[in-house]
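The values are calculated or read from the model by the stated rules, or taken from the named source; none is laboratory data. In this text, all values refer to a predicted model and were calculated from it rather than measured experimentally. No Cβ is skipped: glycine too gets one built from the backbone with ideal geometry, and neighbour counts run over all protein chains shown. The protein model used for the area step is the full one, side chains on, heavy atoms only, and it has no ligands, DNA or RNA in it. Shrake-Rupley method; radii C 1.70, N 1.55, O 1.52, S 1.80 Å.
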Amino acid sequence: MKKDMYILGLETSCDETAAAILKNGREIVANVVSSQIESHKRFGGVVPEVASRHHVEEITFVLEETFKQAGMSASDLDAIAVTKGPGLVGSLLIGVNAAKAMAFAHGLPLVGVHHIAGHIYANRIVKEMAFPLLSLVVSGGHTELVLMREHGSFEVIGETRDDAAGEAYDKVARTLDLPYPGGPHIDRLAKEGEATIPFPRAWLEEESYDFSFSGLKSAVINTLHNANQRGEVFKKEDVAASFQQSVIEVLTVKTMRAAQQFQVKQVLLSGGVAANQGLRKALEEQFADHPDMELIIPPLQLCTDNAAMIAAAGTVLFEKGKRDGLDMNGYPGLDIEQF
Ligand code: KG4
Ligand code: ZN
């Protein structure tokens, strides 16, 4: 009988300090996330120096809590997986150094994971992967369509040329005086409003799977500014609904077109914006007519940053024989196709 495999995941690339233990790459044994959102709220975004300081303060507690939840110790582990990039370098280094110290102290193998590979592998906790598959990755820093033909291989077939989807959400939210991060607030307001304002959709060239959200963001800001000067007021709910519809339409249409072109077996939704109720519903509706393609959407707590997803991707890389040495660094601009 095959022995069970336990991998510890660590994630500190942005504003969550997270650790998790995963059994056999798919079963969560412990999952702890310490969020710093409250500290960054008053600045309207993540302040890198504040973020790394929080990670230093939190990482030991988060690790202790993870082992406590699991009822395990480091000697029960098979390997340690950690986000090595992309992200804020000062934040990445806290996780990377904690992972290296533990690996050295306990003689454990070390596997560096790409943050977006982690987001995609959050889906494997829900359902075993079937290839080829397509993942729509929508987070605060990334908007990409990633094609996977096998485990651990990532081909970016389209990506944003300017703002990421989450970034556009956060900036539009700020214009509407909503707190950071704005995505969930826009999502909530959109449900109560009507998409009455015709904001643009950036389709780009006919064959392109790339995205662009900066024009939409500017259109929202200009519309509100002009209305303000004329003394008119738009309902925040309607602005949110109109903006959200524009984002969702482009994301779903391009995802469906790519899924059909590459004849994928599965479509996976990944990244923080995957928590968006409107996007989840729109994709479910679109793919309901295509039973040949299975749509997978992770539960909310696996969409936003967490370490279970890093352990999930790390398990596959570990099984493929990937290892990093104690010279591993944090890589803020790490490329998913080459890491
Ligand atoms: O993946 P993530 O947790 O961090 C990054 O790796 O960037 O994504 C964070 C982003 C933020 O921009 C946040 O506003 C957005 O995800 N987000 C949402 C929702 N929940 C989180 N955007 C739209 N609707 C949501 N419900
Ligand atoms: Zn993320």
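Here are the numbers:
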| quantity | calculated |
| --- | --- |
| Test result for PHE43, at pLDDT 95 or above and among the aromatic types (Phe, Trp, Tyr) | no |
| Residue in the stretch 244-303 that is surrounded by the fewest Cβ atoms within 10 Å (Cβ to Cβ), counting only those that are among the hydroxyl-bearing types (Ser, Thr, Tyr) and in a helix (DSSP H, G or I) | THR252 |
| Selected residue [within 11 Å of ligand 1 (Cβ to nearest atom) and β-branched (Val, Ile, Thr)] from VAL239, VAL264, VAL253, VAL273 | VAL273 |
| Selected residue (criterion: farthest from PRO198 (Cα to Cα)) from residues of the stretch 215-240 that are of a type in the set (D, E, K, R) and not in a helix (DSSP H, G or I) | ARG230 |
| Residue match in the stretch 170-185 (condition: part of a loop (DSSP other than H, G, I, E, B), open to solvent by less than 40 Å² (accessible area, probe 1.4 Å) and without any contact (Cβ under 8 Å) to a residue 60 or more places away in the chain) | yes |
| Condition met for ALA99 (out of contact with any helix residue (DSSP H, G or I) (no Cβ under 8 Å at 6 or more places or on another chain), more than 11 Å from ligand 1 (Cβ to nearest atom) and of a type in the set (A, V, I, L, M, F, W, C)) | yes |
| Residues satisfying the stated conditions in the stretch 278-310, i.e. over 22 Å from ALA241 (Cα atoms), out of contact with any Asp or Glu (no Cβ under 7 Å at 6 or more places or on another chain), of a type in the set (A, V, I, L, M, F, W, C) and within 15 Å of ligand 2 (Cβ to nearest atom) | LEU302, ALA308, MET309 |
| Inter-residue pairs, beta-carbon under 7 Å, first at pLDDT 95 or above and in the stretch 294-305, second in a loop (DSSP other than H, G, I, E, B) and open to solvent by 30 Å² or more (accessible area, probe 1.4 Å), 6+ apart | GLU294/LYS265; ILE296/LYS127; ASP305/CYS14 |
| Whichever residue in the stretch 136-154 is over 11 Å from the mean Cα position of the chain (by Cα) and of a type outside the set (D, E, K, R) and, among such residues, is nearest to ligand 1 (Cβ to nearest atom) | VAL146 |
| Qualifying residue in the stretch 246-262 (condition: at positive phi and not acidic (Asp, Glu)) | no |
| Top-ranked residue in the stretch 136-169 [being assigned to a strand (DSSP E or B) and not aliphatic (A, V, I, L, M); ranked as farthest from GLY25 (Cα to Cα)] | THR160 |
| Per-region count, the stretch 120-140, residues among the aliphatic types (A, V, I, L, M) and surrounded by fewer than 18 Cβ atoms within 10 Å (Cβ to Cβ) | 2 |
| Residue in the stretch 178-206 that is nearest to ligand 2 (Cβ to nearest atom), counting only those that are at pLDDT 95 or above and acidic (Asp, Glu) | ASP187 |
| Residue within the stretch 197-214 that is among the hydroxyl-bearing types (Ser, Thr, Tyr), open to solvent by less than 10 Å² (accessible area, probe 1.4 Å) and either in contact (Cβ under 8 Å) with a residue 24 or more places away in the chain or part of a helix (DSSP H, G or I) (or both) present | no |
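Yes/no per residue for (1) of a type in the set (Val, Ile, Thr); (2) outside the structural domain of LEU92 (by TED's automatic domain parsing):
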| position | (1), (2) |
| --- | --- |
| VAL247 | yes, yes |
| THR252 | yes, yes |
| ALA274 | no, yes |
| LEU279 | no, yes |
| ALA288 | no, yes |
| THR315 | yes, no |
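This table checks each residue for (1) within 15 Å of ligand 1 (Cβ to nearest atom); (2) surrounded by 19 or more Cβ atoms within 10 Å (Cβ to Cβ); (3) within 25 Å of GLY183 (Cα to Cα).
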residue: ASP4; (1), (2), (3): no, no, no
residue: SER13; (1), (2), (3): yes, yes, yes
residue: VAL29; (1), (2), (3): no, yes, no
residue: SER35; (1), (2), (3): yes, no, yes
residue: ALA51; (1), (2), (3): yes, yes, yes
